[in-house]
Amino acid sequence: MEIIVQGLKEGFLLIWQGDAEIVNVTLLSLQVSLTALVIAALIGIPLGAALALRNFRGKHIILNTIYTLMGLPPVLAGLLVYLLLTSRGPLGQYELLFTPAAMVIAQVLLAAPIVCGLTARAVMALSQEVYDTAATLGASRRQATLTIMREARMGIVAALTTALGRVIAEVGAVMLVGGNIRWHTRVLTTSIVLETRMGNFSTAIAIGIILLVISFAINLLILALEKRTFRYENTIQIT
Amino acid sequence: MSLRRNKLGVILAILSIFLLAAVAGCAKEESPAPAENKPAETKVLKLATTTSTEDTGLLDYLLPEFTKDTGYEVQVIAVGTGQAIEMGEAGDVDVILVHSRAAEDKFVEEGYGVDRRDVMYNDFLIIGPADDPAGIKGEPDVLKAFAAIKEKQAPFVSRGDDSGTDKKEKGIWKKANITPEGDWYIEVGQGMGDTFRMADEKKAYTLIDRGTYLALKDNYQLEPMVEGSPDLLNPYGVIPVNPEKHPHVDFEGATAFAEWLTSEKGQKMIGEFGVDKFGQQLFVPDAK
């Protein structure tokens, strides 16, 4: 018990003092994961919407594959990216291994299926009526599709939060492809592993706290967004 | 006040559960008393050690024999020297087998361990890419080799994880009066195998223990550059955790382990280990 209290105390102190290395690690974590999220959103949202709204042969196989990839073990994603980027691999000439770019690629691989799969589910959850109503009111195909996407926006936001939560907390992939290089590719999660292995529990706890605070802040943002969006709409209430 | 009392109550409740569990655990261990004078009962000994003893396969080679001789089954926790010592200080293990003389002495001085014994040593070497940008191949003096690497700003991958190997490397930089800094000095904070892999990928120099090098060299392309310098020797010590600090540790078992390792039989096995597999001995026994 003492060690946890001690760790918490020293942890808060370290954060309070703005330790240069911890700041560097935190910023890199945010930078890598947010970049990965933006790319994953650009791929995942249109793909997810298309999968939900169009009918074609093999649609269910593709959806099933994407749902499976949503649970892709991070260390396996890391291994795949590693094998692509290693100097003897197919993309070796670009020398991307052990750079933040490699970490972004691995995290996109983890985040894109989540964004895509959850977007598809959110869109499919809307009833046909939304489209029909829009069409009846004279909306073009394109406009009706946009209406559907607008209706599904909270589901999509939830997809993005889930994906961000997964990649920022992930350690296996970034450890493999980033290499945990000090000042270059060391992020929050790999720092926790390293500090724990070195027996520096208070530093490890400090970094853990930062990670939790980031997650909390993201969820706060989502909550605020949700409130604003639904201010004029009826939410379900039990009376 | 009542809140405080409540809290106390909860803590007491949790403690008593632990206590009950502990008592139950003890009772269980003692109850199936085996026939006297037979080591049939398996007693469990927890050993914290460095990754090098595990990765090379030395422990897999020694421990079954130790179990046969003493009846102790050894659970191995392979981590860096820093963490292994930390585990000993916390009383999480019964005995440690590590290689960082300064840290070991401190561990004993502070009363966490007793009766440190020399067990064996192995050595480190500097490996690097075949084109040798720092021109250190064959250099007998490791200090000069490190100076040349720094001079040429040739990439060097450091464990950077406070392990025995890391401490060794930092010690050599210090002895050479160099502060390793800059883009060429890559601190990865990972184990020896990972560090080897990353150095190979980056065509960089690195300091590595011979055991890990021999075990993994076929996977990678880096070559030996500097070896044999006295500064590259790496002595291992075994230290039982002090039962006065942590009454629950199995001091008897820990001592049996230390004695076995430094016994004639243990020392002979250490000296023989690796000869058939690697064509050379990995560890040199040096118990007194």
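The values are calculated or read from the model by the stated rules, or taken from the named source; none is laboratory data. Remember, it's a predicted structure, so these values are computed and weren't measured experimentally. Positions of Cβ are generated from backbone atoms using ideal geometry, with glycine treated the same way; all protein chains shown enter the neighbour counts.
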Any residue that is of a type in the set (S, T, N, Q) and in contact (Cβ under 8 Å) with a residue 40 or more places away in the chain - is there at least one of those in the range B:200-209? yes
(1) within 14 Å of another protein chain (Cβ to nearest Cβ); (2) more than 29 Å from B:GLN281 (Cβ to Cβ); (3) free of Cβ contacts under 8 Å to residues at least 40 places away in the same chain all hold for B:GLN153 apart from (1)
- Would you say A:LEU79 is surrounded by 16 or more Cβ atoms within 10 Å (Cβ to Cβ), within 13 Å of chain B (Cβ to nearest Cβ) and part of a loop (DSSP other than H, G, I, E, B)? no
For A:GLN6, the lone unmet condition from (1) closer than 23 Å to A:THR145 by Cα; (2) modelled with pLDDT under 95 is (1)
Taking the range B:201-229 and keeping only residues that are surrounded by 23 or more Cβ atoms within 10 Å (Cβ to Cβ) and acidic (Asp, Glu), one is left with B:ASP209
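Let's see how each residue does on (1) in a loop (DSSP other than H, G, I, E, B); (2) away from chain B (no Cβ under 14 Å); (3) buried (at least 18 other Cβ atoms within 10 Å of the Cβ); (4) under 22 Å from the mean Cα position of the chain (by Cα):
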residue: A:ALA135; (1), (2), (3), (4): no, yes, no, no
residue: A:ARG142; (1), (2), (3), (4): no, yes, no, no
residue: A:ALA158; (1), (2), (3), (4): no, yes, no, yes
residue: A:LEU164; (1), (2), (3), (4): no, yes, yes, yes
residue: A:THR189; (1), (2), (3), (4): no, no, yes, yes
residue: A:ALA204; (1), (2), (3), (4): no, no, yes, no
residue: A:GLY208; (1), (2), (3), (4): no, yes, yes, yes
residue: A:ALA224; (1), (2), (3), (4): no, yes, no, yes
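Okay, residues lined up against (1) away from every other protein chain (no Cβ under 14 Å); (2) surrounded by fewer than 20 Cβ atoms within 10 Å (Cβ to Cβ); (3) charged (D, E, K, R):
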{"site": "A:GLN107", "(1), (2), (3)": "yes, no, no"}
{"site": "A:VAL123", "(1), (2), (3)": "yes, no, no"}
{"site": "A:SER127", "(1), (2), (3)": "yes, yes, no"}
{"site": "A:VAL130", "(1), (2), (3)": "yes, yes, no"}
{"site": "A:ILE181", "(1), (2), (3)": "no, no, no"}
In the range B:85-98, is there at least one residue being closer than 21 Å to B:LEU232 by Cβ and assigned by TED's automatic domain parsing to the domain that holds B:THR262?
yes
